[in-house]
Amino acid sequence: MATERVTERNDGSTRERVIERNENSGTTVVERGGGGSGLGAVVAIVLGLIVIAVAAYFLSGFYQQETVKTAAVSDAAESVGQAADNVGQAARDAADSIPAPAVPAPSK
């Protein structure tokens, strides 16, 4: 009568299954599998790095646009301030050019 003993071991990267048969021939069969070359992990890491690089590119463009907008608003505010100074100076110049009104002499 033949007896069979199966031993399986899996360490995460290699799966091993050993089958021992106790027959007249004394044959032992060993099957190994599941251990790849690691190419899948390398491809996953490369794709991850590509995704990170693309995201960084688009985010840097977004922040550059925000900087340009902020600079434009600052320049516009400075121009408005200068225009207000010019209007104030023109008002002072206009007031200085008006002759003083004549005051009548007091009557006794």
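Would you check if there is a residue in region 57-65 being small (Gly, Ala, Ser) and either assigned to a helix (DSSP H, G or I) or surrounded by 10 or more Cβ atoms within 10 Å (Cβ to Cβ) (or both)?
Pass one, region 57-65, residues small (Gly, Ala, Ser): 60-61.
In the following step, the residues that additionally are either assigned to a helix (DSSP H, G or I) or surrounded by 10 or more Cβ atoms within 10 Å (Cβ to Cβ) (or both) were identified as 60-61.
Yes, there is a match, as at least one residue in region 57-65 is small (Gly, Ala, Ser) and either assigned to a helix (DSSP H, G or I) or surrounded by 10 or more Cβ atoms within 10 Å (Cβ to Cβ) (or both).
From the list Ala102, Ala41, Ala95, Ala83, which one is at pLDDT 85 or above and of a type outside the set (Asp, Glu)? Step through it out loud before you land on a result.
Working: Ala102 fails: at pLDDT 85 or above; Ala41 fails: at pLDDT 85 or above; Ala95 fails: at pLDDT 85 or above.
None of the other options fit; the residue is Ala83.
The values are calculated or read from the model by the stated rules, or taken from the named source; none is laboratory data. Please read all numbers here as calculations on a predicted model, not as lab measurements. We place every Cβ from the backbone using ideal geometry, glycine too, and count neighbours over all the protein chains shown.
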